[in-house]
Amino acid sequence: WSWAEADIPGTEIYALALSGNADNAELAPAYAQLLSMQAAPGGFIGWWTSSGTLEDAASTSFSALGLNAKGALPAANATLAKNYLLSLQNPDGTFNLTGTVENNSLSSLAPNKIAATAIALLALQSLGENASNAQAALALSLLKNETDACFGNRSLAYSAAASALAFNAFGENA
């Protein structure tokens, strides 16, 4: 296991965990390497810039989802990841890609603020947040409004699918 950014291995571990196949692989080294990619502010690295990699919503969300699904995310790391994700939330309920980048279509797992919001919600729910949390409720409301408006007739199939997963995780209807 060797990666330069955390989103892909986090997604792989999450998929293995959900499919029931994580127990068929020796993943302890992957968990350790993925945990080593959590930066001091709590986010997992994955967004490339000219000066290096930054923590981002996609890497943090999928790393938290994967590690947490297998019980490999220590409580202190989970709290840091949750706080990092919440720091990316805007007053309208959306989540930014990073602390300095609102969104970027080059991010395959969070190409826009709707997708970033949906996957952040998935991770936050796995980290113990529920719909009674004001920040989660605000984000869910935003996603519901976007869904009701057919995402502004934009071609956002991934965002719609990620939103559906977030609604399901929170026990909400679209």
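The values are calculated or read from the model by the stated rules, or taken from the named source; none is laboratory data. Note that the structure is a prediction, hence the values are computed from the model and not measured. Because the Cβ atoms are built from the backbone with ideal geometry, glycine has one as well, and the counts that use them run over all protein chains shown. Areas reflect the complete protein model, heavy atoms only, side chains present, ligands, DNA and RNA absent. Shrake-Rupley method; radii C 1.70, N 1.55, O 1.52, S 1.80 Å.
S105 versus (1) touching a Gly at 6+ places or on another chain (Cβ under 8 Å); (2) outside any strand (DSSP E or B): which is the lone unmet condition? If we test S105 against (1) touching a Gly at 6+ places or on another chain (Cβ under 8 Å); (2) outside any strand (DSSP E or B), just (1) comes out false.
Within the range 142-153, identify whether any single residue is out of contact with any Phe, Trp or Tyr (no Cβ under 8 Å at 6 or more places or on another chain), crowded, with 17+ Cβ neighbours inside 10 Å and closer than 18 Å to A57 by Cα, and answer yes or no. Yes, the conditions are met somewhere in the range 142-153. Take the residues of the range 29-46 that are touching a residue at least 40 places away in the same chain (Cβ under 8 Å) and either part of a helix (DSSP H, G or I) or among the polar types (S, T, N, Q) (or both): which is nearest to S108 (Cα to Cα)? Only one residue fits best here, namely Q38. For G128, the conditions (1) farther than 19 Å from A81 by Cβ; (2) surrounded by fewer than 21 Cβ atoms within 10 Å (Cβ to Cβ) all hold with the exception of (1).
Taken over the range 100-111, residues that are crowded, with 21+ Cβ neighbours inside 10 Å and without any contact (Cβ under 8 Å) to a residue 60 or more places away in the chain amount to 1.
Reported count of residues in the range 31-70, each being more than 15 Å from W3 (Cα to Cα) and open to solvent by 40 Å² or more (accessible area, probe 1.4 Å), is 8.
Looking at L121, is it within 21 Å of E55 (Cα to Cα) and either under 12 Å from the mean Cα position of the chain (by Cα) or open to solvent by 30 Å² or more (accessible area, probe 1.4 Å) (or both)? Spell out how you get there, then give the answer.
On the way: within 21 Å of E55 (Cα to Cα): yes; either under 12 Å from the mean Cα position of the chain (by Cα) or open to solvent by 30 Å² or more (accessible area, probe 1.4 Å) (or both): yes.
Here the answer is yes, as L121 does meet what is asked.
Scanning for something assigned to a helix (DSSP H, G or I), in contact (Cβ under 8 Å) with a residue 40 or more places away in the chain, farther than 15 Å from L124 by Cβ and open to solvent by 20 Å² or more (accessible area, probe 1.4 Å), does the range 80-99 turn up at least one residue?
Narrowing the range 80-99 to residues assigned to a helix (DSSP H, G or I): 80-87.
From what is left, the residues that are in contact (Cβ under 8 Å) with a residue 40 or more places away in the chain are 80-87.
Pick out the ones that are also farther than 15 Å from L124 by Cβ and you get none.
Taking every residue of the range 80-99 in turn, none turns out to be assigned to a helix (DSSP H, G or I), in contact (Cβ under 8 Å) with a residue 40 or more places away in the chain, farther than 15 Å from L124 by Cβ and open to solvent by 20 Å² or more (accessible area, probe 1.4 Å).
Looking at S50, S87, S61, which one is of a type in the set (S, T, N, Q) and touching a Pro at 6+ places or on another chain (Cβ under 8 Å)?
Details: S50 fails: touching a Pro at 6+ places or on another chain (Cβ under 8 Å); S61 fails: touching a Pro at 6+ places or on another chain (Cβ under 8 Å).
The match here is S87.
Which residues, counting only those in the range 1-30, are aromatic (F, W, Y) and surrounded by fewer than 19 Cβ atoms within 10 Å (Cβ to Cβ)? Scanning the range 1-30 gives W1, W3.
Would it be correct to say that E26 is at pLDDT below 90, within 16 Å of I119 (Cβ to Cβ) and in a loop (DSSP other than H, G, I, E, B)? No; evaluated as a whole, the condition is false for this residue.
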